[in-house]
Each structure stands twice: as structure tokens, then as C-alpha cells.
Amino acid sequence: MSTPIPPNWDTGADSLDRIDSYQVVGRNETRVDALKLAQGRGSFTDDIDLPGMLHLKMLWSPHAHARIRSIDTSAAEAMPGVVMVLHHGNVSRIPYTTAGQGHPEPSPYDQFIFPRKVRFVGDRVACVAAESAVQAARALAKIRVEYEVLEPVLDPHDALRPGAPVIHDEPEAFGLPDYDKAHNIAAAMHVEHGDVDAAFAEADLVLEREYSVPYQHHATAEPHIAITWLDEDQRLVVRVATQVPFHSRRILARILDFPLHRIRVVKPRVGGGFGGKQEILLEDLPALVTLRSGRPARLCLTRAEELASSRTRHPQILSWKTGVMRDGTLVAQELRVLANTGAYGAHALTVQTCTAGKTLPLYKARAYRFDMKTVYTNLPVAGAFRGYGGPQGFVAMECHMDEVAEKLGLDPLEFRRRNLIGPGHDNALAQALGEGKEGPPQRIRSCAIQECIDRGKAAIGWDRRDRLRSTGPIRRGIGMSCLMHGSGIPGVDMGSAHVKLNEDGSFNLHVGATDIGTGSDTILSQIAAETLAVPLEKVVIYSSDTDHTPFDTGAYASSTTFVSGAAVKKACEGVARQLREAAAEMWRVEGDPCTPEDLHLERGAVRRPDGRSLSYGEICLSTFYTHDQHQIMDHGSHMTFECPPPFAAHFAEVEVDTETGAIRVLRYVAAVDCGVPIHPQSCEGQTEGGVCTSLGYALSEDFIFNDAGRLLNDTYEDYKIPTALDVPEFETILVRSYEPAGPYGAKSVSEIPTDGPGPTIANAVAHALGIRFRSLPLTPEKVRKAWLKKEEARQRETEA
Amino acid sequence: MKIHLLVNGEPREWECEVHEFLTEALRRHGLVGTKRGCEDGACGACAVLLDGREVPSCIVLAAQADGHEITTIEGLGDPRHVHPIQAAFVAATAVQCGFCTPGMVVATKELLDHNPTPSAADARRRLAGHYCRCTGQIKPIQAVLDAAERVKGAQT
Ligand code: FES
Ligand code: FES
């Protein structure tokens, strides 16, 4: 598939002046759901209690790698209150992926509802359904499982060793052509652009460094949860905390072998997703219990189960190599990635594709090479996580850019500026790095990265950099990074919306787009209100219910504002046209004809050039009850081959205590070009939240395993996410640009902030200490050790 | 067992299991604004006031509330009477997914009851036990400071 780049692409710069005429877009409207949530009235999945509901508890694998020889559930089934026990012996065996992606998912089909061989500590073994959660938990202890313990693979390098245990030896598992389960390879890719070897040969300097990044957990406030029941028509209702209700319905229908039209997936309020709920992680089990028992069923993971058994950010080892001329011009870039997907390959290909796709094209070069392997191990499962490969890749690239600049004796900021992509430039790798297939070409239109640098630089006080304290136990440093992300998956993501008019001039807006705390219910309502020229409260939004809203791929890939927002705009434009036509018809009947094209919408009414008007309410009453009777309504679907990247420059000032190794982030500045911010405060909120999540990635979050592959830090006491005491003084700068491909000039904003803190903090620490850390997180222990080593080396030098 | 307590100002007599935690008892009686986040005392999503002091209700036994006064998020405001703290959280866009918000609002109530003019550092300390993965805590900190102003304004 190759779509030509339209010749008439403008960069959108002169469309900026349109912004000031917007009435609803670009304003900090009260979020449509904020008050009910602040009052505890927001209805999350768990906030209903159904009569006769069964409670499910899971038996997880205690072994990293073992074959289940036998499983005896008779004692458990005899326990009080127990209704059934599910395990591999009594459920169907259909291979699937839990990755909630478009059909056909580009992730390997390597999972079953229950496996016969467990592949990590925390894998599914059995599930008890009982009258109460306590009874279900008690029955778990009575399940007798005999395991044949197998040698585990606990390191991604070991997964590739000849003779390594084969983790997916079941014949049914399959994937894309590069899938090679016999060698523990869940996904692989090799891409070259230009003559890479020749470009490296010409370079004045070639630098290659290896970086590594850890596991990270989503730590959503609300755990994974699903409640299921049969409605009065014996249809299966699945109320689930999900980012992907339509994928959930499609995948459930297949693995439960139950007709899709008899499943309704409802997304109530969701307490955060960040990619963790882009998985069909648990709703299959209560659904099975409901189908078999006819009773409502609930499964909710505990926090420890969340940490060990849900999904994580793929740990990676990245090798970055650049060829550069003495004047700082990049000529060649090469990235090699070894990623660990854990026991199953959810998002194994596409996260890693994005590691390259979001990073490499940011800097122009004549030639690029990307080589990637994602391997299975007997460790917790990776998946989609906000940033989707970007946070990993930017740690390597943006640390590397500082290292190259230092070698060349250039200011790291000026060195970057010289090589950055800009308006009108082509993304050199867009086609090679599509979503499991060739992607459409991309040319950059809106791009304010240089202004992001200017404004961020001023805000952090970059010019103080040389004067910061570099003696004594407390050292200060300033670091930065440049970032780019995407807006949706071009050629794949599709959103749709339906709008209809009511007698009071209000509108019902039904969208498949899934608000998981992102604010999309508000943002999509703003887009509708702007297009229909009404205040926000005249739009009544309902989102994400497979029975009652049109389709949407879901809340992921930074797509909702850009893709689903455009669908809303199209639907509302259709309604606006119908309103004009209906008004013209009403005036015609009154003997005062006009042409619809001369009419415009303003403040809830259709207006003639001479100022006369018909309110939407009048038009609706007329079209309902009086004349030319019909419902004014329309729908819109949107898919695009364009994927305009948002850009950002992040800056941080840190203080490092060399005696304890503790890093304090004093100040963080994030300057972001997300196109027109539809709701500026929400764009700030996305930025602040994304940055703080990745501050944890940079400083404290990691999975620690014992030598049998068991996760040791599976509580919030031991898995440390940043709290209000840890987050720095913060400045978000929304740098305005106008993206012609986006609704009202908008691009995405949700994922790009997660890309920055890893490299920004590492660069600031390198500046403070003169020590380059190439592996995250930068724990006090790691910092202190490196400092001692440096001190020892210095002493040896002075002695010698 | 039977417990007697004051919930949001109303006397209640509740039948509870001895091992039942307060979160469960509250939710069982329809007060679902108190959330289950970690059920381990770490995240703050289940915060309520017990005799005016914030406690994680997930590690307080319902039996321990016998004879005490409990205030939940539902006791702080309703659609017609928006509590100034809630108004501040809404105005600051400190509510994203909103799962952590009831706990934060309850914590802010306790803070302002004892310290009507908190500093930013006070606000940070108070929110530190409330994990929020969405906001990065920046806007909630602002909301607490703004709430102090609003509460003061409402009293004068
Ligand atoms: S649910 Fe009580 S502290 Fe987390
Ligand atoms: S708003 Fe989502 S966790 Fe705080």
C-alpha cells in the first residue's frame, strides 16, 4: 500500500490566526465529568452490586516455567459456596492474543484461556467462582496441581542461546512471518534506508553505545476489573474497565465461541488505563462463569496480582550508533534493540517498531538501520504502555545525542537543532515502519520544535548551565531532550460518531471513543459544540458501549482527539448542513425563501444575513411534528493516512547528593507542540501526568526478581511510583501550532510527555556529576556506586 | 456482629462480619465513592475521616468504627451543594480519571480543618499518601491551595 503524498500540503503556519475565532475549542471548559467524579458519584465498573453475583479468584502459577501434569479441583469444588472451578481441562483451547489491537492483530496468537504449560510466576492456572470472594479465596488452597518444573529463561540474552528452553512449544501458536517460536522470537524486524555502510564510512566520527531500560508497571489507580451478567434477552453484558470495548467484544466472541451480536461490552468510567487496559486481560473468565451458571460474575485483580500478572512496559537493551561529521551533521543512524516481552507476545512487534519509528526520524540522516528482536522469557508479560516504545527509544537516542555532542565539543542543544526534522520534511522511515505492514508516507506539516527549544531553554535558564555548582557534596545539573510522537495509527485507526438534535436545541453525541480519564468526553463535546455553534452544555455525550455507540478502535496510540475528533467534526458538519436546509425549508413554506448556502450557524440558531434567525429548538419542533418530518441527525467516520507528530523539548534541573546518591528533580519544563490545544488545561494535565509517570521510570520504578523469576516488589511499599513529595516544580508550555490534518488544528498530546524524563534526567545527572548512566532507573544505590568509582579513579590518578 | 456508628451525620446500625473492612461495609451500604485501589493501606483511594482524622478504610476493620463518626466523600457535598474543595478540584482540572479524587478531597478536608492556610509544602505532604497516576499531582496540589482560599471565602 503506497499512498502518494498530496502535492498541495501546506505547513499550516498561516492557519494559526483562525484559533482566536473559536468559541469553545481552545477554552478551559469545565470537564463534563469532573464534578460527579470529585463527589464520588462517577460510576466505575465496581460501583454496581448485582443480586446473586459470583466472585472469582485466580490461582496463579508459582513456577516460572512448568508443565501442568494434573489438576484436581474436587476438594475445591466441595468447599462451601463454590459454584465452579475453571482450568485448562474444562475450557476451549483457541489461540489468541490479549493485545487489544485492530483486526488482524499484529501480535502473535500465543495464549489460551488457560495454558497447559505455565510460563511465568503469575500465569493463569485456575479460577474459582463462589458466592463470596472469601469463599473463592479459601477454595483456591484446595486445588491440587502437579507440575513438571522446567528450566526457566530469565534473561533475554539467554532466550537466544542455542539450546535454550523453548517457551512456546505448543503447535497452535502462530504469528507474522518473522515469528520464530522455536527460537523464542516473538517478533523481529530489520529495516535499512539509504546506504548505511557507506554513510558510516564517510563519517568523521562513529559512536556506538549500549543502553538498557527496565520493566515498568502502569499502576492505574483502578485495578483491572470486569463484571458480567445475562440480560433479560439472555445476551451477555460485559462491564469492563477497558480502553478497547470493540476489540474486547470481537476477541471475546472468538475465544468464547459465542455470537458477537449476543455480546454487549459496556465501558463505564475507567480509573486510568495507560495501555494496561488495552488488553483483553480478564473479562473472558467472568463471561465464561456467567454463560455457564447464568449468574452475574465479578473478577477484580488485587494490587499484587496487578503488578505480577497484568502487563508492563517492555524492557529493552538498545544499542545506538551514529555517524556524524565534525561540524555536527548527522549522516547515519543505527539502532539495534533486544526487547523482552516476557511469557507472551502482546504488542511484541509494534511497541518495538515504535521504538524506532518515534525516535530515528526526529534527526535527519542520509541512512538509517534498525534491527530488532523481541524475545520470550519466563518473566511477566509486557504490552502496551503509554509511550509505546517511545520512552525506551528516547532514553537511548537522547542520551546518545548528548554523548555525541560532548565528543564533538558542541552545545548539545545546538547540535540537535542542526539535525532536527522540520516543516515540509519527509519522515524517512514511515513506510518501512508501519503497523505490522508497510505504512503510508508521512510529510511533516506543523512543527514547532525549534520554538519549543527556545521557550524551554529560556524557562529553565539553560544559559546558567556552565555556572552551576560543581564542587562539594551536592551537585546540580541541567539536561534536556527533544521528542516527537504520533497521532493515531495511520491507515488503521478509525473512529466514528453519531449526532442527533433534540427539541431544546441540544444534541446527543454518541461516540465509540473511550474516555479512560483522558478527558475525551469533554474534548469531543467541545469539538461538537464548536462545529454546531452551541455552548458545551448543549452537547450530551455518551461513549463506548458496543450496543449504543458506533465503532472506535479505542483509546490508544494518541488517537482520540486526532482521529475520533475528526469523526465528531464530520458528523456535526452533516448536522449543521441539515439545520441550514431545514431552516431554508421553513422559510420557504412561510413564503420567504432563501438558499441554505447563505445561512450560517451562530449561538444556537440558523441565521440569515439580515439577522433573522430560527433557533435549533424551533427547527427541531418543526421537523419532529409539523413539516417535512424527520430526525435531524448524522454520523461520521474518520480514518486517515496522516499521522502528524506532536513535538516537544523537555528540560530538567536536578540536584544530586553524592553522599547518598539521591537525585532530586528541582524543576521540570515541558514545552510541547500539540497543535491547537482543544482544552489547554487538559493538555497541561496530560503533560504533567505523562512526565511524572516517566519520572518514576527514570528514578525509582523497576521489577526485582529472585532467581526463580518471582517478582519481589509486588506491593506499593516496594514498587515506588512518584508521589506529591517527589514531583518537581513544573512548567508546561503549550507552544501553538496549527495542524491542517487535525480537527481544529489539533494533534495528539497524551503519549509524548512520557518520552522525555528518562533521557532528560539522565542528561541532567551526567551534567551534574560528569558520569554517564546508560541504564535506568537511576536509584541512589546506582548513583552512589558510580560516584565512588569515579572518586577512586580520580584518587588513583592523583596518586600516580 | 452489629456496629453502631455515625455515617455522614446519620446514625447507623450495621450488621458486619468480624473480618470485614470498613471499605467493604461502606460500599455494601451504597457509599461507593470510597474506592478500592490497593486494599493495602498504600494508595489513599479509600480514604475516609474517622472522628475527623483521615484513615485508609481498607485497613480499618468495620468493627473498629463502632461508636465512631465516619465522613465519606458522599458526606462532603452533593450535586446541589458542591463543597468548595470539590469545586477547586474541578476548576483546576485536577480530576482526570477521578478514581483517586474522592480520597484526595477527603484528605484536603482534613488538612484544611486543621490548617486553613496550608503552604504548597503542606499540600504536597498531605497528598503524598494519595497515588495518582494521571495528573502527576501538579494540578491536585494547586487545587488544595485554591480550596483553602475557597473554604475561607465560604466562611466569611
Ligand atoms: S485502597 Fe486503601 S489505601 Fe489503597
Ligand atoms: S486522576 Fe486518575 S489516578 Fe488520579
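The values are calculated or read from the model by the stated rules, or taken from the named source; none is laboratory data. Only a predicted model underlies this, so the values are computations on that prediction, with no experimental measurement involved. Don't worry about glycine lacking a Cβ; one is built from the backbone with ideal geometry, like all the others, and counts go over all protein chains shown. Just the protein is used for accessible areas: all its heavy atoms, side chains included, with ligands, DNA and RNA removed. Shrake-Rupley method; radii C 1.70, N 1.55, O 1.52, S 1.80 Å.
Give the residue list of GluC sites (Glu not before Pro) in the range A:530-628 that are DSSP loop and have at most 10 other beta-carbon atoms within 10 angstrom.
Sites meeting the loop and neighbour criteria: A:GLU590.
Putting +1 on Lys and Arg Cβ atoms and -1 on Asp and Glu Cβ atoms, find which of A:HIS510, A:SER470, A:LEU532 reaches farthest to the positive end of the dipole of the range A:453-536.
A:SER470
For the pair B:MET1/A:ARG292, report the inter-label distance in nm, with labels modelled 7 Å from Cα in the Cβ direction.
My value for the distance between the label points is 3.7 nm.
Please list, or write none, the aspartates and glutamates whose alpha carbon is within less than 13 Å of the alpha carbon of B:LYS152, excluding same-chain residues fewer than 8 places away.
Those aspartates and glutamates meeting the cut-off are B:ASP113.
Below 8 Å between Cα atoms, with a sequence gap of 6+, how large is the relative contact order for the range A:493-638 in percent?
With pairs under 8 Å counted, the relative contact order is 34 percent.
So what is the accessible area of chain A per residue, in Å², with the probe set to 1.4 Å? Please list the in-between numbers first.
Numbers: 27370 Å² over 800 residues.
Heavy-atom SASA per residue in chain A reads 34 Å².
At 1.4 Å probe size, with the rest of the protein present, what percent of the exposed accessible area of the range B:12-156 is carbon and sulfur atoms? Kindly include the intermediate steps, with their values, before the conclusion.
Values: 2720 of 5410 Å².
Taking all protein chains in place, the range B:12-156 shows 50 percent carbon and sulfur surface.
Pairs to check: A:LYS358/A:LYS407; A:LYS57/B:LYS139; A:LYS364/A:LYS782; A:LYS277/A:LYS720; A:LYS720/B:LYS109. Give those whose C-alpha atoms are more than 30 Å from each other in this structure.
A:LYS57/B:LYS139; A:LYS364/A:LYS782
From the backbone phi of the range A:608-619, what are the Karplus-calculated ³J(HN,Hα) couplings (6.51 cos²θ - 1.76 cosθ + 1.60, θ = phi - 60°) in whole Hz, Gly and Pro given as x?
Ordered by residue, 3J(HN,Hα) equals 8, x, 7, x, 5, 8, 10, 6, 4, x, 4, 5 Hz.
Residue-wise, which Karplus ³J(HN,Hα) couplings in Hz belong to the range A:100-105, taking 6.51 cos²θ - 1.76 cosθ + 1.60, θ = phi - 60°, and x for glycine or proline?
Karplus values, whole Hz, x for Gly and Pro: x, 10, x, 8, x, 4.
Would chain A count as rounded, prolate or oblate if I go by the C-alpha gyration tensor, calling it rounded below 1.5 in a/c and otherwise prolate when a/b exceeds b/c, oblate otherwise?
In terms of gyration-tensor shape, oblate.
Just to be sure I understand: if you take the accessible area of chain B alone plus chain A alone and subtract the pair, with a 1.4 Å probe, what total do you get in Å², rounded to 100?
Approximately 3900 Å², summed over both chains.
If you average 1/r over all unlike Cα pairs in the range B:84-155 and invert the result, what Kirkwood radius do you get in angstrom?
With all distinct Cα pairs of the range B:84-155 included, I get 11.6 Å.
Where both partners of a DSSP beta bridge lie in the range A:493-638, what percent of those bridges are antiparallel, to the nearest 5?
Bridges in the range A:493-638 that DSSP calls antiparallel: roughly 80 percent.
Please average, across the residues of B:97-109, the number of beta carbons from any other chain that are within 10 Å of each residue's own beta carbon, and give a whole number.
The shielding value for this peptide is 6.
Give me a comma-separated list of calculated 3J(HN,Hα) values for the range A:332-343, in order, Karplus coefficients 6.51, -1.76, 1.60 applied at θ = phi - 60°, integers in Hz, x for any Gly or Pro.
For the range A:332-343, the Karplus curve yields 9, 9, 9, 10, 10, 10, 10, 10, 10, 9, x, 6 Hz.
Would you mind calculating the relative contact order of chain A from Cα pairs under 8 angstrom and at least 6 residues apart, reporting the percent as a whole number?
The value is 16 percent.
Name the residue from A:PRO609, A:ALA566, A:ALA497 whose Cα lies farthest towards the positive end of the charge dipole of the range A:493-638, charges +1 on Cβ of Lys and Arg and -1 on Cβ of Asp and Glu.
It is A:PRO609.
What 222 nm value per residue comes from the helices of the protein assembly as shown, counting each DSSP H run with n ≥ 4 as -39,500 (n - 2.57) and dividing by all residues, nearest 500 deg cm²/dmol?
Roughly -8500 deg cm²/dmol at 222 nm, from the helical runs in the protein assembly as shown.
Can you compute the charge dipole magnitude of the protein assembly as shown about its Cα centre, using +1 on each Lys and Arg Cβ and -1 on each Asp and Glu Cβ, nothing else charged? Give it in debye, rounded to the nearest 20.
So the magnitude is around 940 debye.
Just the number please: accessible area per residue for the range B:84-155, 1.4 Å probe, all protein chains included, in Å².
29
Tally up the carbon and sulfur contribution to the accessible surface of the range A:70-169 as a whole percent, 1.4 Å probe, everything protein left in place.
Of the solvent-accessible surface of the range A:70-169, carbon and sulfur hold 53 percent.
Note every residue of the range A:678-713 with a reduction of at least 50 square angstrom in accessible area, all protein chains present versus the isolated chain, computed with a 1.4 Å probe, or write none.
SASA drop of 50 Å² or more in the range A:678-713: A:GLN681, A:GLU688.
For the range B:4-156, what's the relative contact order in percent, using C-alpha pairs closer than 8 Å and at least 6 residues apart?
Contact order relative to length: 25 percent.
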